[in-house]
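J.: Below is a structure I'd like to ask you about.
Readers should treat all values here as calculations from the given coordinates under stated rules, not as data from a laboratory. What you see is a predicted model; the values in this text were computed from it and never measured. Using ideal geometry, Cβ is built from the backbone for each residue, glycine included, and neighbour counts are taken over all protein chains shown.
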Amino acid sequence: MAAESCDYQLAADLAASCTVKPVKGIKSHGFIMNYNDIDFEATSRDETNPNIVKSLILKTGKKAYKMYVPGKSPYTGTKKSLSAGTYRNRFNKDVSIVILDNGPEVAHNIIDQLANGTFVVVLENKFPGSDNKNTFEIYGLEAGLTATAMDDDKYSDDTEGGWLATLQEENAPTSGIYFYSESIAATRTALESLVSGS
């Protein structure tokens with residue numbers, strides 16, 4: 001068998017759109033699910049662009065959970081960074097979540113689980129792109145998101161006595177994975193169905 005050679009070459013112009021103006025930031029509503037609850041065999045990618053997920057499927061009996069962070073800049077600190085490697089470069093993806101709540105139920109059902117589990121998060125970008133495919137971005141689908149920092153500062157103005165959690169997907173092979181199923185409305189319906197477990 002012949003050895004495969006990976007040849008990385010640009011395939012598009014590096015130009016800003018003059019008609020569709022970019023908007024920074026993320027919307028307040030998001031979705032989070034346990035990494036091991038995803039049915040990776042049933043989940044499908046776009047045949048022409050593997051960075052687009054066309055169907056995101058959970059295993060039978062599993063569900064996703066909604067996230068909501070209010071304010072003008074929710075999920076502040078969410079970012080992607082190059083992780084230089086010896087033979088191939090990869091990406092670290094950070095998702096910052098504020099949990100504006102506390103108490104024994106929150107500690108048991110959310111905080112302790114975030115501290116030790118592995119997750120996938122879907123966030124909605126304010127900028128949908130010229131074809132709307134930039135709208136929903138998936139973090140953690142390749143290597144899983146795990147907690148790198150969790151703080152409960154009782155005097156923090158930002159968290160109002162709640163929690164600030166940072167989850168990281170370390171050394172993901174791609175810079176971005178997006179969820180798009182025919183239209184924004186269809187994709188949103190698909191995400192809601194993950195929450196209901198149907």
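J.: Relative to the Cα centre, what is the charge dipole magnitude of the chain, using +1 at the beta carbon of each Lys and Arg, -1 at the beta carbon of each Asp and Glu, and rounding to the nearest 20 debye?
T.: The calculation lands at about 440 debye.
J.: Right, something else. Over the alpha-carbon set of region 17-109, divide Rg by the Kirkwood Rh and report the Rg/Rh ratio to two decimals.
T.: Reported Rg/Rh (Cα atoms, Kirkwood Rh): 1.02.
J.: Based solely on its DSSP helices, what 222 nm [θ] is calculated for the chain when runs of n ≥ 4 H residues each add -39,500 (n - 2.57) and the sum is averaged over all residues, nearest 500 deg cm²/dmol?
T.: -2500 deg cm²/dmol
J.: 7 Å from Cα along Cα→Cβ at both TYR65 and LYS79: what's the point-to-point distance in nm?
T.: My value for the distance between the label points is 2.7 nm.
J.: So what does the Cα-only Debye profile of region 1-53 read at q = 0.13, 0.23, 0.24 Å⁻¹, as log10 I(q)/I(0), no solvent term?
T.: -0.76, -1.11, -1.11
J.: Please give the helix 184-196 orientation as an angle from the longest Cα principal axis of the chain, in degrees from 0 to 90, rounded to the nearest 10.
T.: Here the helix axis deviates by roughly 50 degrees.
J.: Pick from VAL121, VAL98, VAL106: which residue has the top mean-square fluctuation in a GNM of the chain where Cα pairs under 10 Å get a spring?
T.: Answer for the Gaussian network model of the chain: VAL106.
J.: Please order THR135, THR166, THR148 by the number of other Cβ within 10 Å, starting at the fewest.
T.: Result, fewest neighbours first: THR148, THR166, THR135.
J.: Could you tell me which of the pairs LYS54/LYS79; LYS59/LYS154; LYS24/LYS62; LYS126/LYS154; LYS21/LYS79 are separated by over 28 angstrom between their Cα atoms in the structure shown?
T.: Over 28 Å apart, Cα to Cα: LYS59/LYS154; LYS24/LYS62; LYS126/LYS154.
J.: Same structure, new question: At a Förster distance of 41 Å, what's the computed FRET efficiency of ASP151 paired with SER130, Cβ-Cβ distance as r, to 0.05?
T.: 0.60
J.: Let me ask something else. Considering the convex hull of the alpha carbon atoms of region 105-196, report its projected area averaged over all viewing directions, in nm², one decimal.
T.: If I average the Cα hull's projected area over directions, I get 7.6 nm².
J.: Exactly which trypsin sites (Lys or Arg not before Pro) in region 117-161 are in a DSSP loop and have at most 10 other Cβ atoms within 10 Å?
T.: Within region 117-161, the qualifying trypsin sites (Lys or Arg not before Pro) (loop, at most 10 other Cβ atoms within 10 Å) are LYS154.
J.: Let me ask something else about it. If each of LYS21 and ARG188 carries a label point 7 Å out from its Cα toward its Cβ, how far apart are those two points in nm?
T.: 2.3
J.: Hey, another quick one. Quick one: divide the alpha-carbon radius of gyration of the chain by 2.2 N^0.38 Å and tell me what you get.
T.: It is 1.09.
J.: Turning to a different aspect of this structure: Between beta-carbons, use under 15 Å as the cut-off and find the net charge around GLU170, counting Lys and Arg +1, Asp and Glu -1.
T.: +2
J.: May I pose another question? What's the local net charge at HIS29, with K and R +1, D and E -1, over the other residues with C-beta under 10 Å away?
T.: Neighbourhood net charge equals +2.
J.: While we're looking at this one, here's another question. In region 129-198, which chymotrypsin sites (Phe, Trp or Tyr not before Pro) fall in coil by DSSP and have 12 or fewer other Cβ atoms within 10 Å?
T.: Answer by residue number: TYR155.
J.: Report the chymotrypsin sites (Phe, Trp or Tyr not before Pro) located in region 13-43 that are in a DSSP loop and have at most 13 other Cβ atoms inside 10 Å of their Cβ, or state none.
T.: Within region 13-43, the qualifying chymotrypsin sites (Phe, Trp or Tyr not before Pro) (loop, at most 13 other Cβ atoms within 10 Å) are PHE40.
J.: Report the Cα centroid-to-centroid distance between region 36-95 and region 129-150 in angstrom, as an integer.
T.: 3
J.: What does the charge count near LEU58 come to, summing +1 for each Lys or Arg and -1 for each Asp or Glu among other residues with Cβ under 13 Å from its Cβ?
T.: Neighbour charge sum, excluding LEU58 itself: -1.
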